[in-house]
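What follows draws every value from the coordinates through simple rules; no lab data is involved. The structure presented is a predicted model; accordingly, all values stated were derived computationally and were not measured. Don't worry about glycine lacking a Cβ; one is built from the backbone with ideal geometry, like all the others, and counts go over all protein chains shown.
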Amino acid sequence: MAWFKKIRKPIAALKGKESRVPEGLWVKCPQCSQILYKKDLETNLNVCSKCSHHFRITAVERLKMLFDGEWAEHDPNLSSTDPLEFTDTKPYKGRLKASQAATGLKDAIIVATGGIEGIRTIVASMEYDFIGGSMGVVVGEKITRAIERAIAEHCPLVIVCCSGGARMMEGALSLMQMAKICGGLARLDEEKLPYISVLTDPTTGGVTASFAMLGDLNIAEPKALIGFAGPRVIEQTIRQKLPEGFQRAEFLLEHGMLDMVVDRRNLKATLVKSFKFLLN
């Protein structure tokens, strides 16, 4: 038996001294657990350099990634009027104000016109951080106006989908946007103008059930969750275990629901190649 025992005291942080290392410089990849330098990750379009995991990005980052330079935004001030005066755990107006403050947007989509390798294109990019990217009256109106603008200017349309589906706080009015947008896309098709749908993680609900799957080309990012109801709901309904990778982009491509699964770093080049083919 030892005569003396050394008591180890925990290392206490020095009071009054702050760390000289700034926070937020490093990001941990949720797939491979690699620690990534944030600036390098942003340079790589928020794709992990080790395992190619695609991080979620904002609507503005999408536009910066796709357009050659500056773009012109359309209808930036459209916002919901809370037509049903809806309240659940908190008033819908309160949710709108909180999301507007957090994202700097009036609703869950940005529509803009700019050049993609010199090809004038209208891009509608959805913002998931705004009430789950849900499709309400404003989203439906802005997409419909984007379609009408594409017809008027005779240029291609790209919609970057990232949504939890229709916005329940606007009830049947949100569901009506599905038919409204699909009707506009039918007119775009009659004009023989290309519409490319880019499906990102996640694309679910009424968005998947309408315009997200109606593109002349349906392109998805790797491992994006795409479906109508969630996997857990489906398992509880059919009481069966779903196959591996169910509702992921690669599974849908294998079963004919998608045309391509494209790495984000190659998306712009793929769009340009598709435009040149579709515009002849």
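Any chance you could tell me what percent of the C-alpha pair distances in the chain go past 25 Å?
Roughly 52 percent, rounded to a whole number.
Given the options Ile181, Ile57, Ile234, state which has the largest fluctuation in a GNM of the chain using a 10 Å cut-off (strictly under) for Cα springs.
Ile234
Residue-wise, which Karplus ³J(HN,Hα) couplings in Hz belong to segment 192-199, taking 6.51 cos²θ - 1.76 cosθ + 1.60, θ = phi - 60°, and x for glycine or proline?
These are the phi-based 3J(HN,Hα) values: 6, 9, x, 10, 10, 9, 10, 9 Hz.
How much of the DSSP bridge set in the chain is antiparallel, in percent, rounded to the nearest 5?
50 percent
With the cut-off at 1.5 for a/c, could you classify segment 104-185 from its C-alpha gyration tensor as rounded, prolate or oblate?
It comes out oblate by the Cα gyration axes.
Show the residues, 5+ positions off or on another chain, whose built amide H is closer than 5 Å to the amide H of Phe86.
Amide H neighbours of Phe86, under 5 Å, 5+ apart: Tyr92.
Run through every distinct alpha carbon pair of segment 81-135 and return the Kirkwood hydrodynamic radius in angstroms, one decimal place.
12.8 Å
Would you mind checking which residues have amide H under 5 Å from Lys223's amide H? H placed 1.01 Å from N; only 5 or more apart, or other chain.
Ala249, Glu250
When you count, for each residue, the other Cβ atoms within 10 Å and take the mean per peptide, how do 141-154, 158-171, 43-56 rank with the highest first?
158-171, 141-154, 43-56
Convert each backbone phi in segment 251-260 into a coupling constant with the Karplus relation 6.51 cos²θ - 1.76 cosθ + 1.60 (shift: θ = phi - 60°), then list the ³J(HN,Hα) values in order as whole Hz, x for Gly and Pro.
Listing the rounded values in order: 5, 5, 4, 5, 9, x, 8, 10, 8, 8 Hz.
Classify segment 153-280 from the C-alpha gyration tensor, please: rounded if a/c falls under 1.5, else prolate or oblate depending on whether a/b exceeds b/c.
oblate
For segment 195-245, what does the alpha-carbon gyration tensor say about shape, rounded, prolate or oblate, given a ≥ b ≥ c as the root eigenvalues, a/c under 1.5 as rounded, and a/b over b/c as prolate?
Here segment 195-245 falls in the prolate category.
Which cross-chain or sequence-distant (5 or more) residues have an amide H under 5 Å from the amide H of Met135, H modelled 1.01 Å from N in plane?
Excluding prolines and chain starts, which carry no amide H, the hits are Gly165, Ala166, Arg167.
Using the Karplus curve 6.51 cos²θ - 1.76 cosθ + 1.60 with θ = phi - 60°, work out ³J(HN,Hα) for each residue of segment 30-38 in order, rounded to whole Hz, and write x for Gly and Pro.
For segment 30-38, the Karplus-derived couplings read x, 9, 10, 6, 6, 8, 10, 6, 4 Hz, x marking Gly and Pro.
Quick one: Cα centre-to-centre distance for segment 32-109 and segment 220-277, in angstrom?
Measuring centre to centre over Cα atoms gives 21 Å.
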